[in-house]
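Please read the structure below before turning to the comments.
Just so you know, all these numbers are worked out from the coordinates, no wet-lab data involved. Values in this document were obtained by computation on a predicted structure and should not be read as measured data. Virtual Cβ from ideal backbone geometry, glycine too; neighbours counted across all protein chains shown.
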C-alpha cells in the first residue's frame with residue numbers, strides 16, 4: 001500500500017466513491033476510506049433498498065386494482081419476507097459490483113474509521129497514518145431523533161431497522177411527514193397497514209410545491225393513511241403489546257397506538273470523530289462550510305455531499321464528488337448546485353425541479369403557471385394510473401421556464417429533460433417544438449407547455465397569472 005496519495009477520501013457513499021472514480025480517471029492516486037459498507041446510506045439503507053421495495057409495491061397495487069376490476073379472481077397473499085430478501089439481494093449485487101469497479105480502476109480501499117490528524121495526514125483506527133496531498137470529507141449524514149421520552153423503546157425504529165422487518169406492521173405511526181416518512185407510509189399502507197403520519201409543521205413535504213403536497217395528502221385517506229400536521233409529540237409509551245404515541249394538536253392531547261413507530265424526523269451531517277473542531281475547520285449549525293471550489297478554510301481539506309448541509313441528496317453528493325476530483329486534479333471548476341431535481345417515490349410519484357410558486361413570488365417574478373391533468377393523457381389512461389398533474393412555471397413575458405412540478409406514474413423519469421431545459425434557459429416554445437414520443441407520460445410536458453402558447457391540445461387550459469407582487473389571477 002502506498003504511503004502517500006494525491007487524494008484521500010473519508011466516506012464511500014455516492015460522493016466519496018464518485019470522487020474516487022473520477023480521480024482515477026484523471027490520473028490521481030486515490031485512497032478511499034470507509035468504516036462500514038461501500039455505498040453509504042443511499043445504497044445500503046436509503047435510496048436503493050426503499051426503491052426495491054416500492055417497485056414491488058407497484059406490483060401489489062396492480063394486483064389490488066386487477067382484483068377490483070375482476071381481471072384476476074383475487075389479489076394473492078404477499079410474502080413480504082421474500083420482498084425483503086429480494087431487496088437485500090439487489091443491494092448486495094450493487095455493493096459487490098461497486099467493490100469490483102473500484103478495484104479495477106485502481107482505487108485503494110481502506111476499511112477503517114479515520115481521523116484527520118493534521119492537513120495531509122489521516123490516522124486510521126489501526127494506528128497507521130497515511131499521507132495525502134488533498135483530503136476530502138465525504139462522511140454523509142445520520143438520522144436525527146428529537147429528544148422524545150420513550151423514543152428508545154423496543155418497536156420504535158429508524159429507517160435502518162424498519163427496512164429489515166420481515167413482518168409488516170398492521171398499525172404504524174410515522175413521526176415526520178417529510179419525504180422519507182411518506183415513502184415508508186406508502187409501502188406499509190399498500191400492504192394494508194393503518195398508518196398515521198405526525199408532522200410538526202403546518203404541512204407535509206416542505207420541499208414539494210404547496211398545491212401538489214395538498215393534492216397528494218387528499219389521496220391518502222382512501223389508502224388507510226391519516227395525516228396530522230401541526231402536532232407536538234410529547235412521549236411514546238407502552239400500551240400492553242402496543243406502543244402509544246401521545247401528542248398535542250391545537251392545545252388538545254391526543255393518542256394513537258401502533259405496533260411500530262418509525263422516527264423519520266430528518267438527518268444531520270456526520271462529523272463525529274473526524275477531528276474537525278481540533279483542526280479549526282469552519283462549521284455552521286453542524287455543517288462544514290465550503291467555498292465554490294468545495295474547499296474548507298483549511299488548506300488541502302475539502303468537503304462534499306451531506307456534510308456541507310445543502311441538499312442532502314445522493315445525486316448532489318455524486319456531482320460534488322466529480323467536481324472536487326477535477327479541482328484536485330488541477331482543473332478550473334466551480335460547483336453550481338443551485339438547480340437540483342427532487343422526487344418522492346410514493347404512489348403516485350411526485351417530482352420537481354426549479355422554483356415553486358412561493359419561491360417565484362418571493363423572488364419578484366411576474367410569471368404564469370400552466371397545469372395539465374393526466375386524466376387527458378392517453379398513456380396514463382391506458383396504464384390505469386390517470387390521477388396526476390404536470391404544472392410548469394414560466395416568466396410572463398419571455399415564457400422562459402422557471403420550475404416544473406409533476407405527480408403521476410414514474411414522473412421522476414421526466415426530470416432529466418426538465419432540469420436541462422431550465423438550466424439552459426429554454427422556453428415553453430422549445431418544449432412544444434420538440435417531438436415527444438407517443439404514447440408516453442412525457443407528452444404531458446408538451447401539453448402543459450402549450451398552455452403558455454395556444455393552449456393544450458387534449459384538455460381545457462388551466463392557467464394562473466402572478467404579478468411581481470405575488471397576486472394570482474386566472
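In terms of overall dimensions, region 73-120 has a Cα radius of gyration and Dmax of 19.5, 67 angstrom. Distance from the alpha carbon centroid of region 90-109 to that of region 212-262 works out to 41 angstrom. Among beta bridges identified by DSSP and lying wholly in the chain, the antiparallel ones come to about 65 percent. Legend: Rg and Dmax of region 26-69, from Cα coordinates, 18.7, 60 Å. Mean residue ellipticity, 222 nm, helices only, the chain: the sum of -39500 (n - 2.57) across DSSP H runs of n ≥ 4, divided by residue count and rounded to 500, is -9000 deg cm²/dmol.
Per the Cauchy relation, a quarter of the hull surface: what is the mean projected area of the convex hull of the alpha carbons in region 156-265, in nm²? Here the figure is 6.7 nm², rounded to one decimal. Where both bridge residues fall in region 156-265, DSSP classifies roughly 50% of the beta bridges as antiparallel. A simple packing score, the average count of other Cβ atoms within 10 Å per residue, orders the peptides 32-39, 268-275 as 32-39, 268-275, with the highest score first. Stretching the chain fully between residue 468 and residue 383 yields a gain of 26.6 nm (0.36 nm per residue, less the alpha carbon separation). Under the simplified labelling scheme, the residue 311-residue 251 pair shows an inter-label distance of 4.1 nm, with each label point 7 Å from Cα along Cα→Cβ.
Highest mean packing first, where packing is the average number of other Cβ atoms within 10 Å per residue, the peptides 160-167, 312-319, 136-143 line up as 136-143, 312-319, 160-167.
Computed over the chain, relative contact order equals 14 percent, with contacts defined as Cα pairs under 8 Å that lie 6+ residues apart. Out of every Cα-Cα pair in the chain, what percent are more than 38 Å apart? Roughly 33 percent, rounded to a whole number. When each of the peptides 394-405, 69-80, 449-460 is scored by how many other beta carbons lie within 10 Å of its residues on average, the order from highest to lowest is 394-405, 449-460, 69-80.
Spin-label model, residue 433/residue 235: points 7 Å from Cα along the beta carbon direction are separated by 6.7 nm. Test of understanding: extend the Cα→C-beta vector of residue 282 to 7 Å, then name every residue of region 309-345 with backbone N under 12 Å from that spot. Taking a point 7 Å out along Cα→Cβ of residue 282, no residue of region 309-345 has its backbone N under 12 Å.
Here the alpha carbons of region 348-465 define both size measures, Rg and Dmax, at 13.0, 41 Å.
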